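In what follows, a single structure is set out as structure tokens and then discussed.
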Amino acid sequence: MILPILVVAPSENRGRGVFATESIEAETTIEISPVLVLSKEDRAKAEETVLYNYVFEWGDAYEMGALGMGYISIYNHSYQSNCYYEMDFENELMVIKTLRQIAAGEELFINYNAVPDDTTPIWFNAQ
């Protein structure tokens, strides 16, 4: 499920991103996406390719990987994210929810550290 008011569009200095075409209330589920789960070995192989920047750590020990089948892997990172994600290991799903009110035209960001206020440096130089 992806809300029909979400679009993928060019994102300044970030390639593509996910944007809202209408305002969205805080704590709204905007996407529920199945994921393709990768074994530890397959994750290592995938991370040798362009998929490196799109694979999420997965599983209780975060050794496996997951590739979102919806827009999940297109959301850009921000330490001041306006959305967050939840992982459902049992059902192989990821859920994106808004943290606050989103304005029409606003880009939606997640914190790649999985916790909205976690400022631990990530693998690339990010804002």
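Read-outs: derived from the displayed coordinates by stated rules, not from any lab. Remember, predicted model here, so these are calculated numbers, not experimental data. All Cβ positions, glycine included, derive from the backbone under ideal geometry; neighbour counts span all protein chains shown.
Summing charges over all other residues whose Cβ lies under 13 Å from the Cβ of LEU51, with Lys and Arg as +1 and Asp and Glu as -1, gives -1. Using Cα pairs closer than 8 Å and at least 6 residues apart in sequence, work out the relative contact order for the chain, in percent. RCO, the chain: 30 percent. Counting charges near LYS97 (Lys, Arg +1; Asp, Glu -1) among other residues having Cβ under 12 Å from its Cβ returns a value of -3. When the charge dipole of region 1-98 is built from unit charges on Cβ atoms (+1 for Lys and Arg, -1 for Asp and Glu) and taken about the Cα centre, the candidate among HIS77, ALA9, TRP58 whose Cα reaches farthest toward its positive end is ALA9. 3J(HN,Hα) couplings calculated from phi for region 48-62 with the Karplus curve 6.51 cos²θ - 1.76 cosθ + 1.60 (θ = phi - 60°) are, in sequence order, 8, 10, 4, 5, 3, 7, 10, 8, 9, 5, 9, x, 4, 9, 6 Hz; Gly and Pro show x.
Under the rule a/c < 1.5 gives rounded, and otherwise a/b versus b/c splits prolate from oblate, where does the chain land using the Cα gyration tensor?
prolate
Among the GluC sites (Glu not before Pro) found in region 67-127, those both in a DSSP coil and sparsely packed, with 11 or fewer other Cβ atoms within 10 Å of their Cβ, are GLU90. When each of MET94, MET1 is scored by the number of other beta-carbon atoms lying within 10 Å, the sequence from fewest to most is MET1, MET94. The chymotrypsin sites (Phe, Trp or Tyr not before Pro) of region 27-127 that meet both conditions, a loop assignment by DSSP and at most 14 other Cβ atoms within 10 Å of the site Cβ, are TYR62, PHE89, TRP123, PHE124.
Segment ARG100..THR29, full-extension length gain: 24.4 nm, with 0.36 nm per residue of separation and the alpha-carbon distance subtracted.
Applying both filters, DSSP loop and at most 13 other Cβ atoms within 10 Å, to the trypsin sites (Lys or Arg not before Pro) of region 21-127 gives ARG100.
Here the chain is assigned +1 on the Cβ of each Lys and Arg and -1 on the Cβ of each Asp and Glu. Its dipole about the Cα centre then comes out at about 380 debye.
Mark the label point 7 Å from the Cα of ILE2 along Cα→Cβ and return the residues of region 25-46 whose backbone N is within less than 17 Å of it. The answer is 29-36.
Where the centre of each part is set by its Cα atoms, how far does region 83-103 sit from region 6-48, in angstrom? First find each Cα centre; the distance between them is then 10 Å.
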